[in-house]
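Note sheet for the following structure.
Read-outs throughout are calculated quantities, based only on the coordinates presented, and are distinct from any laboratory measurement. Keep in mind it's a predicted model, so treat the numbers as computed, not measured. With ideal geometry, Cβ positions are generated from the backbone for all residues, glycine too; neighbour counts draw on all protein chains shown.
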Amino acid sequence: MNTTFKTLSIAAALAASLGLAGCAANAGAGSSMPMDHGSSGAMSSTMPGAGSTPNAGADHNQADIMFAQMMIPHHSQAVEMSDIILAKAGMPADVIALATKIKAAQAPEIKQMTGWLTGWNLPTMMSDHSGHGMAGMVDDDGINKLKSAWGTEAARLFLQQMIGHHEGAIDMSQQEISAGKFPDAVKLGHDIVAAQQAEITQMKQLLAAL
C-alpha cells in the first residue's frame with residue numbers, strides 16, 4: 001500500500017468514526033467568539049476534502065489538519081463558557097479557579113493550532129461549517145441556560161456541561177494520538193487527554209460537594 005493510499009485510508013476512517021461536522025471558526029489567544037453551537041451528540045458530517053489530502057505534507061497529515069480545525073472551535077467554546085461563569089457573582093471559589101485555569105490553558109492552544117494551519121496554508125475553518133455538533137459541544141439552548149443561571153444552579157450547570165465538553169475533547173485527542181503525524185499536534189493530543197481527564201475528576205468532586 002503506498003503512502004498516499006494510507007493517508008486516504010486514515011482520513012476516511014476518521015471521518016467514518018467521528019462523523020465530523022465542520023463548524024470551525026478562526027480564534028486567537030484569549031478570545032471567545034460567537035458560534036453556531038451544535039448538539040452534544042455524535043458528529044455527523046464528513047470532514048473537508050474527504051477522499052483527498054489537501055495540503056497534507058511531509059511533516060503532517062489529514063488527521064493533524066482535522067484535529068486542529070475541529071479543536072479550535074471546541075476550545076473556543078470552552079473559553080466562552082469559562083467567561084460566562086467568571087462574569088457571574090457568587091460563584092464558589094473552586095469553580096472560579098477551575099474556569100480561570102481552563103481559559104488560561106485553552107486560549108494559548110487555540111493560538112498554537114491556528115499557527116499550524118496558517119503555516120500549512122490552510123484555513124482555520126473547515127469547508128463544511130453547517131453548525132452540526134462535534135462531540136461534547138453545548139448547543140445554543142445549553143449556552144443560553146448557562147448565561148441565565150445564577151448561584152449554585154449556574155455552578156452545577158457549568159460543571160455538568162464542561163465534563164461532557166472535556167470528554168469530547170479527549171475523544172478527538174485520542175484520534176489524533178492514534179492517527180496523527182505532526183509531532184507537536186500529537187503531543188498536544190497527549191497533553192489535552194492528561195489535563196482534561198484530571199479536570200473531569202476534579203469537576204465530579206466539585207459537583208458532589210454542591
Excluding residues fewer than 8 positions from LYS101 in its own chain, the lysines with Cα under 28 Å of it are LYS88, LYS111, LYS145, LYS147, LYS187, LYS204
Answer in debye to the nearest 20: the dipole magnitude of region 60-209 about its Cα centre, from +1 Lys/Arg and -1 Asp/Glu charges placed on Cβ, is 320
Least to most buried among HIS74, HIS165, by other C-beta atoms within 10 Å and fewest first, runs HIS74, HIS165
Counting Lys and Arg as +1 and Asp and Glu as -1 over every other residue whose Cβ sits under 14 Å from the Cβ of ILE177, the net charge comes to -3
For region 176-190, Karplus-derived ³J(HN,Hα) couplings (6.51, -1.76, 1.60; θ = phi - 60°; whole Hz; x for glycine and proline) come out as 5, 4, 7, 10, x, 10, 6, x, 5, 5, 5, 4, 4, x, 4
